[in-house]
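Where a number appears in this text, it was derived from the coordinates with a stated rule and is not lab data. Treat the numbers as computed from the prediction; the structure is a model and nothing was measured. Cβ coordinates were reconstructed from backbone atoms using ideal geometry, including for glycine residues, and neighbour counts include every protein chain displayed.
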Amino acid sequence: MTVWPISTTEHLAFVRSQRSASFLQTPAWGSVKTEWRSESLGWFDGGQLVGAGLVLHRPVQKLERFTLAYLPEGPVIDWTGDLGVWLDPLAAHLKAHGAFAIRLGPPVRTDAWNAAQVKGGVADPGRKRLTDVPGQWSDPVGAQVAGRLRGAGWLPQSPQDGFGVGHPQFKYELPLAGRTEDQLLKGMNQQWRRNIKKAAKEGVEVTVDAGGADLRAFHDLYVHTAERDRFTPRPLGYFETMFAALSAEDPERIKLYLARHQGDLVAATILVRVGAHAVFSYGASSTEKREVRGSNACQWAMIRDSLAADCDVYDLRGITPTLDADDPHVGLIRFKVGTGGQAVRYVGEWDLPLRPMVYRAFDLYMRRRGR
């Protein structure tokens, strides 16, 4: 197996040949992350392209000739076999081209908990974390990948709370394969079903914008949401770049959903889809008129469209693994568990130091600035 740079066209063709992949591993995502230098790499078995990855290069302050090579939720390879066959040539290629370390996030699950198990864990004061609750299933491939990475010198980066610099290790997902709209509704809790009906009764209308014409309206609401919920919002330019890049790659890749009540924008969400994987990427809601349940109307519209697009999963993205009723993050789990889906733990992100001295300096710098 050999690793070489490939063109954007080759990379995109390979992604399209897969049932699904993370949108963070599409060539267009490199155009969104303008603060990083990006490249597409391919794995070749003989002359055949059998794997691909988007690599984001981050230079080290004062040591610009060295980079951290980051493959978010990737690469797109066969994770079930001998990982050395895939990762050794990747490491050799990236080290030869100036990387001091590789960070990657295998798209491989390790455990899952169904909605009933999560709700039971939240209700039990003796259970403080998802990992304290017996799960629905464990994936031996995930355990195998984690063991092989550790054995090959890779260092786990996922923090205790599930969130770090990169992407979350714990997510909430709604399986769609083989299900109908009625089955999905029945799987939701009573509150979600009631809210969806309430939105329809109140006359909430959800429209879909595939071109990003309403991005400014979304962003105004998003900034309002950030002020209310106390997080730092991304600038409008980020979303404009995101829509332009992803839409140019595939007109069905990204869509903006807007819920209005009597002309007032009450909620807005962004859906990103690659093949059979649909992702709830961003959301915003007004403080006024919360009673008309615009957020639930947007979510239900995205779920229905994902089902119609033959998606296998509707991904509600990150959660923290806390079940502590006093932890403010538990509200996020309570909201997402209402969909009737499942909490999923992934292998998480891992680092391979290629130049240990530079890596230690980088790690120290990141710790001092709070990562």
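What the table below lists for this structure:
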| item | result |
| --- | --- |
| For the chain, built as a Gaussian network whose Cα springs stay under 10 Å, the top-fluctuating residue of Pro168, Pro251, Pro107 | Pro251 |
| Ratio of Rg to Rh over the stretch 92-142 (Cα coordinates, Kirkwood Rh, two decimals) | 1.30 |
| Footprinting exposure proxy for Arg334, Arg58 (fewest neighbouring C-beta atoms within 10 Å first) | Arg334, Arg58 |
| Å³ per residue enclosed by the Cα convex hull of the stretch 237-371 | 203 |
| Burial ordering of Trp137, Trp113, fewest other beta-carbon atoms within 10 Å first | Trp137, Trp113 |
| Rg [Å, one decimal], Dmax [Å, integer] - the stretch 1-132, C-alpha atoms | 18.0, 57 |
| The stretch 1-53: translational diffusion in µm²/s, Stokes-Einstein, Kirkwood Rh over Cα pairs, 37 °C, 0.692 mPa s | 288 |
| In order through the stretch 340-347: 3J(HN,Hα) via Karplus (6.51 cos²θ - 1.76 cosθ + 1.60), integer Hz, x for Gly, Pro | x, x, 8, 7, 10, 9, 9, 4 |
| For Val347, distant residues with modelled amide H under 5 Å away | Val108, Thr110 |
| Descending semi-axes in Å of the chain, equivalent ellipsoid built from Cα gyration tensor | 35, 24, 21 |
| Orientation-averaged projected area, Cα convex hull of the stretch 178-310 (nm²) | 8.2 |
| Calculated over the stretch 112-230: convex hull of Cα atoms, volume per residue (Å³) | 227 |
| Sequence-distant residues sharing a close amide H with Arg37 (under 5 Å, placed H) | His57 |
| Proxy reagent accessibility, fewest Cβ within 10 Å first, across Met302, Met357, Met1 | Met357, Met1, Met302 |
| Sequence-distant residues sharing a close amide H with Ser138 (under 5 Å, placed H) | none |
| Ellipsoid equivalent to the stretch 13-82 - semi-axes via the Cα gyration tensor, in Å | 24, 14, 10 |
| Over the stretch 56-178: Rg over Rh, Cα atoms, Kirkwood Rh | 1.04 |
| Estimated inter-spin distance, Lys198 and Arg334, nm [label 7 Å along Cα→Cβ] | 1.4 |
| Beta bridges by DSSP in the chain, antiparallel share as percent, to the nearest 5 | 90 |
| Rounded tilt (10° steps) of 140-151 against the dominant C-alpha axis of the chain | 40 |
| Most mobile listed residue (Glu240, Glu173, Glu349) in the chain, GNM with C-alpha springs under 10 Å | Glu240 |
| Of Asn195, Ala245, Ala297, farthest towards positive along the dipole that unit charges on Lys, Arg, Asp, Glu beta carbons give the stretch 178-310 | Asn195 |
| Among Gly98, Gly341, Gly126, residue whose mean-square fluctuation peaks in a GNM of the chain (springs only between Cα atoms under 10 Å) | Gly126 |
| Which listed pairs, of Lys198/Lys336; Lys186/Lys255; Lys128/Lys289; Lys119/Lys198; Lys128/Lys186, have C-alpha distances above 22 Å, in listed order | Lys186/Lys255; Lys128/Lys289; Lys119/Lys198; Lys128/Lys186 |
| J(HN,Hα) series, the stretch 352-365, from Karplus relation 6.51 cos²θ - 1.76 cosθ + 1.60, nearest Hz, glycine and proline x | 10, x, 9, 10, x, 5, 5, 4, 5, 5, 5, 4, 5, 4 |
| Alpha-carbon centroids, the stretch 187-214 and the stretch 273-301: separation in whole Å | 7 |
